[in-house]
Amino acid sequence: MSNGNSYLEIKQSPELSGDVSLYGAKNAVLVIMASLLLTSGKSRLKNVPGSSDVLHMIKLLESLGAVVIFDQVAHELEVDTSGVNKWQVRQDIMKQMRASILVMGPLLARFSRADIALPGGCVIGSRPIDLHLKNFEKMGVDIDRSGSYLKTHASSLRAQDIILDYPSVGATENLMMAAVSASGITRIVNAALEPEVLDLISVLKKMGAKVDLEVPATIVVEGVDSLEPVDHDLVPDRLEAGTLLLAAAITGGSITITNAYADHLAVFLLKLQEMGHQVSYGFDGYGISFQATQSPQSVSFKTAPYPGFPTDLQAPMMAVQCLAQGRSVIDETVFENRLVHIRELQKMGAQILVEGSKAIITGVEELYGANVIASDIRASCALAIAGLAAKGTTTMTGISHWRRGYDRLEQKMASLGAFIKLIDSSLFTQKPSDQLSLSIKNS
Ligand code: UD1
């Protein structure tokens, strides 16, 4: 899908209101799709978002020999891994999506080898993969780093005690997927336990893997000989939930997200309540109802691994602080350079100072529409949210990021009353049959 001159047009919007539901989590579906390489046969995933990262992962799996059918109307994905016969991830695919690194563990488990093009840095920081690589080496993997590909090989994967210096989501997932077929018991200490990691664990267990959790944050894996294909309904996307709640907050609205889990957003929801907003949950914390205060107070927070405040909601929460009363200090501790949205918010009239990893925001009375550029997925949310409250019209380019993270999120926001639409230049140059490709089976 070309992004050419496409952009989002956002106008100052009335209070959002109504009910909305979430697609499955992008960060769960990508790794779960990678995990299907551990099996041979047909698996089915439900509530799959048609975001472009998912389309990239489909391309990756197809390039390895999988047959994939994505019904974008029903949001169901069928992946047949019987014919997978390659273990090389090409540079063009790796460049489009860094999460491609997540096939390394499953390919090592299936073929005892994986050749992966080197991922570069990206706008939110250098994003090293040292924690993946040094622990793969501990598990008996030889890694040749000399060329433009990481060439890896393990005659047999060794179960190990692994201690992560930092609870990296990707490293936890990659190592766990290799460990499910390493004979013996692997323990991953200081593991990431994000809801998306737990969703991967439930998929691995459905496949027949033996995986347990020990407090406070250890994953114990006992290797098995073979794993079976699965049917799985994905965990709802807590980051899509957070974005919709913030869109409601900044417009002073009132919405219900019918399939959100409050537990997955505990610290984030606490901060919304501290701002003065009302948040209530359904039975067992399932379903979140939100009613905005008309005089929001600033709050401060620090991003942290789960269950702390999610780094992926830092930028959109900052947009909301720009119009709150008082001063907010936001400390981004997870990624080194995830404050690039600030420059664009400043163009809209936000008062923000940066000191190292901290942003200090002084609430203003009004934001103003501007031409802004999204630099990463979550920055695109921040700018769209700011645009909903800004006087006049905001146009946001760089929408490839918006599309990477979400499946037509602008339409969900519009269904709640937001004045937001995608002006898609590619539609002007497409044949009618191409336009339909969004809503038909893409095989
Ligand atoms: C995942 C999510 C991303 C989210 C992030 C943190 C996916 C597809 N993406 O990314 O949306 O923002 O978790 O919740 O699930 N690090 C190292 N060495 C490594 C690996 C990571 O130093 O080998 C550092 C990173 O540079 C970063 C921090 O650890 O500063 C967290 O990264 P990590 O948890 O690995 O994030 P991802 O898995 O890339």
Single residue of A182, A241 found to be of a type in the set (G, A, S), within 22 Å of V103 (Cβ to Cβ), touching a strand residue (DSSP E or B) at 6+ places or on another chain (Cβ under 8 Å) and touching a residue at least 24 places away in the same chain (Cβ under 8 Å): A182
Name the single residue, out of those in the stretch 222-239 being acidic (D, E) and within 23 Å of K412 (Cβ to Cβ), that is surrounded by the fewest Cβ atoms within 10 Å (Cβ to Cβ). D233
Considering only residues of the stretch 182-207 that are more than 26 Å from the chain's Cα centre (by Cα) and not hydroxyl-bearing (S, T, Y), which is nearest to the ligand (Cβ to nearest atom)? A182
Hey, can you tell me all the residues within the stretch 215-250 that are of a type in the set (D, E) and either within 19 Å of A178 (Cβ to Cβ) or part of a loop (DSSP other than H, G, I, E, B) (or both)? E222, D225, E228, D237
If you check L38, L16, which single one turns out to be surrounded by 17 or more Cβ atoms within 10 Å (Cβ to Cβ), out of contact with any Pro (no Cβ under 7 Å at 6 or more places or on another chain) and either at pLDDT 95 or above or of a type in the set (A, V, I, L, M) (or both)? L16
Only one of (1) surrounded by fewer than 22 Cβ atoms within 10 Å (Cβ to Cβ); (2) more than 20 Å from the chain's Cα centre (by Cα); (3) farther than 24 Å from E196 by Cα does not apply to V340, and that is (2)
Qualifying residues in the stretch 352-379 (those that are in contact (Cβ under 8 Å) with a residue 60 or more places away in the chain and not aliphatic (A, V, I, L, M)) - the one farthest from the ligand (Cβ to nearest atom): G369
Out of S328, S295, I need the residue that is buried (at least 21 other Cβ atoms within 10 Å of the Cβ), hydroxyl-bearing (S, T, Y) and in contact with a strand residue (DSSP E or B) (Cβ under 7 Å, 6 or more places away or on another chain). Which one? S328
May I ask you to list pairs of residues, at least six apart or on different chains, whose Cβ atoms are under 8 Å apart, with the first in the stretch 263-288 being within 26 Å of V329 (Cα to Cα) and the second being at pLDDT below 95 and assigned to a helix (DSSP H, G or I)? D263/G285
For A384, all conditions in the list (1) crowded, with 20+ Cβ neighbours inside 10 Å; (2) more than 24 Å from R98 (Cβ to Cβ) hold save one; what is the number of the exception? (2)
For residues that are buried (at least 22 other Cβ atoms within 10 Å of the Cβ) and not hydrophobic (A, V, I, L, M, F, W, C), scanning just the stretch 313-325, find the one that is nearest to L246 (Cα to Cα). P316
When the residues of the stretch 343-381 are filtered to those that are charged (D, E, K, R) and not in a strand (DSSP E or B), which remaining residue is surrounded by the fewest Cβ atoms within 10 Å (Cβ to Cβ)? E365
In the stretch 134-172, the residues that are over 21 Å from P305 (Cα atoms), within 16 Å of the ligand (Cβ to nearest atom) and of a type in the set (A, V, I, L, M): M139, V141, I143, L150
From the options L38, L118, L45, residue that is within 16 Å of the ligand (Cβ to nearest atom), in contact (Cβ under 8 Å) with a residue 24 or more places away in the chain and closer than 30 Å to A260 by Cβ: L45
Under 30 Å from D71 (Cβ atoms), part of a helix (DSSP H, G or I) and modelled with pLDDT of 95 or more: does that describe M413? yes
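The values are calculated or read from the model by the stated rules, or taken from the named source; none is laboratory data. Nothing here was measured: the structure is a model prediction, and the numbers come from that model. Counting neighbours? That spans all protein chains shown, and the Cβs are built from the backbone with ideal geometry, glycine included.
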